[in-house]
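The values are calculated or read from the model by the stated rules, or taken from the named source; none is laboratory data. Remember, predicted model here, so these are calculated numbers, not experimental data. Backbone-built Cβ (ideal geometry, glycine too); neighbour counts: all protein chains shown. The protein model used for the area step is the full one, side chains on, heavy atoms only, and it has no ligands, DNA or RNA in it. Shrake-Rupley method; radii C 1.70, N 1.55, O 1.52, S 1.80 Å.
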Amino acid sequence: MTGLVILICIITSVGQLCQKQAALQLHRRGYLLWMIVSVIILGIGMLLWLVVLQQMPVSVAYPMLSLNFVFVGLGARFLWRERLNGTQIIGTLLIVSGVAVMGSYA
């Protein structure tokens, strides 16, 4: 089930990155296209999340969604060359550590 939560984090992070791409569009058509893609992807993530909530306690599953911070940060770094400073890197490592601890109880 932990693997499904990680997959959901990746899916929803892609949806959030699509929202950023929509915000960067200069024309309404590009904006609408990226927003539609985002809504579809986030909808898929939500449906899968409901499956997780049927099988796993929310007190264990929900903190694992913090991986979105990691995936969105990395995606922004690679897609738009956004910088990650030392504090962000340390915070990201702490998030990954916390999720690993939570995942070990799942």
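How much of the accessible area of segment 53-99, in percent, comes from carbon and sulfur atoms when a 1.4 Å probe is used?
Numbers: 2130 of 3290 Å².
Taking all protein chains in place, segment 53-99 shows 65 percent carbon and sulfur surface.
Among [x] 1.03; [y] 1.12; [z] 0.93, which one is Rg/Rh (Cα atoms, Kirkwood Rh) computed from these coordinates?
The value computed from this structure is option [x].
Let me have the 222 nm mean residue ellipticity of the chain computed from DSSP H runs of 4+ only, each contributing -39500 (n - 2.57), with the sum over all residues rounded to the nearest 500.
Taking each H run of at least 4 residues, the total per residue is -28500 deg cm²/dmol.
If I require 24 Å or longer along the helix axis, counting alpha carbons, and a Kyte-Doolittle average no lower than -0.5, what helices from the chain are left? Use full DSSP H segments.
On the way: long enough: 2-23 (32 Å, 1.32); 28-55 (41 Å, 1.57); 86-104 (27 Å, 1.54).
Answer set is 2-23, 28-55, 86-104.
Given the Cα-Cα distance of Lys20 and Trp80 and 0.36 nm per residue of separation, how much length would full extension add, in nm? Could the numbers behind the result be given before it?
Values: separation 60, 0.36 × 60 = 21.60 nm, distance 0.98 nm.
Taking 0.36 nm per residue and subtracting the Cα distance, the gain is 20.6 nm.
Between Ile44 and Ile89, what FRET efficiency follows from the Cβ-Cβ distance if R0 is 30 Å, with the result rounded to 0.05?
Values: r = 30 Å, r/R0 = 0.99.
Calculated transfer efficiency: 0.50.
What accessible area per residue comes out for the chain, rounded to a whole number of Å², with a 1.4 Å probe? Could you put the intermediate results ahead of the total?
Values: 7070 Å² over 106 residues.
Result: 67 Å² of accessible area for each residue.
Please tell me the relative contact order of the chain in percent, rounded to the nearest whole number, where contacts are Cα pairs under 8 Å and at least six residues apart. It would help to have the intermediate numbers written out before the result.
Values: 95 pairs, mean separation 36.3, N = 106.
Computed value for the chain: 34 percent relative contact order.
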